[in-house]
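Notes to accompany the following structure.
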Amino acid sequence: MAESSKPKAPGSTKRPQHPAFPSEREILIDRQLTEAMNSPGWRNLKGKGRKLDLDPPPGVPPDMVMAHKIMEDANVQPSWLEDRTALLAKIESRRGQWRQWFRHLDRSHAHATRLHEDWAERVRREVADLNREIRDLNLALPLWRLEVVPLRPEDEIAEASTATGND
């Protein structure tokens, strides 16, 4: 019987592995898998016994599904979501300050009207600053449903002027 006429790859002296017999690599992999499955960490896996959710999350672009999954598993939020949360907290903090400032206006003062106008002008300036931050954030948001609605200065002044309670 003649040898095969196919040329062998340079440096290749091994015989091809017969499919019925595992290679050394396959034996090693099987051994490592068996050791891992018998370890305590394998028995206490998060979500054990539950069906895997392999559907991509709604609203996540296809090229971001893997990154989304990794961040979700690591319990990390995307930076734009953290920025949105921080901005909403900042808005609520400012609203509390505006209510507090209004409550502390001395209405018996001779210049009470002027003090109220100064307070309202300060609120307008701060609302304008917040609206710039809102605009910048909204441009970075990937989902329009998460858009933050810009503030209206006169609504904020009216709300702070009529609010009661302690902040």
Practice prompt. Could you check which residue among Ala110, Ala67, Ala36 shows the biggest mean-square fluctuation in a GNM of the chain with a 10 Å Cα cutoff?
Written response: Ala36
Worksheet item: Which whole DSSP H helices in the chain pass both tests: a Cα extent of 27 Å or more along the axis and a mean Kyte-Doolittle value no lower than 1.0?
Response: none
Worksheet item: Given DSSP loops and a limit of at most 16 other Cβ atoms within 10 Å, what is the longest stretch of the chain that contains no such GluC sites (Glu not before Pro)?
Response: 4-146
Worksheet item: Where nothing but the Cβ of Lys and Arg (+1) and of Asp and Glu (-1) is charged, how large is the charge dipole of the chain around its Cα centre, in debye to the nearest 20?
Response: 740
Worksheet item: Considering only Leu81, Asn44, His68, whose Cα is most displaced toward the positive end of the charge dipole of the chain, charges sitting on Cβ of Lys, Arg (+1) and Asp, Glu (-1)?
Response: Asn44
Item to complete: Leaving ligands, DNA and RNA out of it, report the carbon-plus-sulfur percent of the accessible area of the chain at a 1.4 Å probe.
Response: 56
Practice prompt. Enumerate the aspartates and glutamates that Lys46 could reach by cross-link, defined here as Cα to Cα under 15 Å, with residues fewer than 8 away along the same chain left out.
Written response: Glu72, Asp73
Worksheet entry | Convex hull projection area averaged over all views, the stretch 22-85, Cα basis, nm² | 7.4
Discussion item. Within 10 Å of each candidate Cβ there may be at most 16 other Cβ atoms; applying that plus a DSSP loop requirement, which trypsin sites (Lys or Arg not before Pro) in the stretch 67-167 survive?
Written reply: Arg107
Discussion item. If you take every residue apart from Arg135 with its C-beta less than 12 Å away from the C-beta of Arg135, what net charge results, scoring Lys and Arg +1 and Asp and Glu -1?
Written reply: -3
Discussion item. Given the options Phe102, Leu28, Ser161, identify the residue whose Cα lies farthest towards the positive end of the charge dipole of the chain (+1 on Cβ of Lys, Arg; -1 on Cβ of Asp, Glu).
Written reply: Leu28
Worksheet item: Relative contact order for the chain: what is it in percent, counting Cα pairs under 8 Å that are at least 6 residues apart?
Response: 20
Worksheet, complete the sentence: Using the Cα gyration tensor of the stretch 16-127, the equivalent ellipsoid's semi-axes, largest first and to the nearest Å, work out to 65, 16, 11
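The values are calculated or read from the model by the stated rules, or taken from the named source; none is laboratory data. All values reported here derive from a predicted model rather than from experimental measurement. Virtual Cβ from ideal backbone geometry, glycine too; neighbours counted across all protein chains shown. Side chains are part of the model used for accessible areas, which takes the heavy atoms of the whole protein and leaves out ligands, DNA and RNA. Shrake-Rupley method; radii C 1.70, N 1.55, O 1.52, S 1.80 Å.
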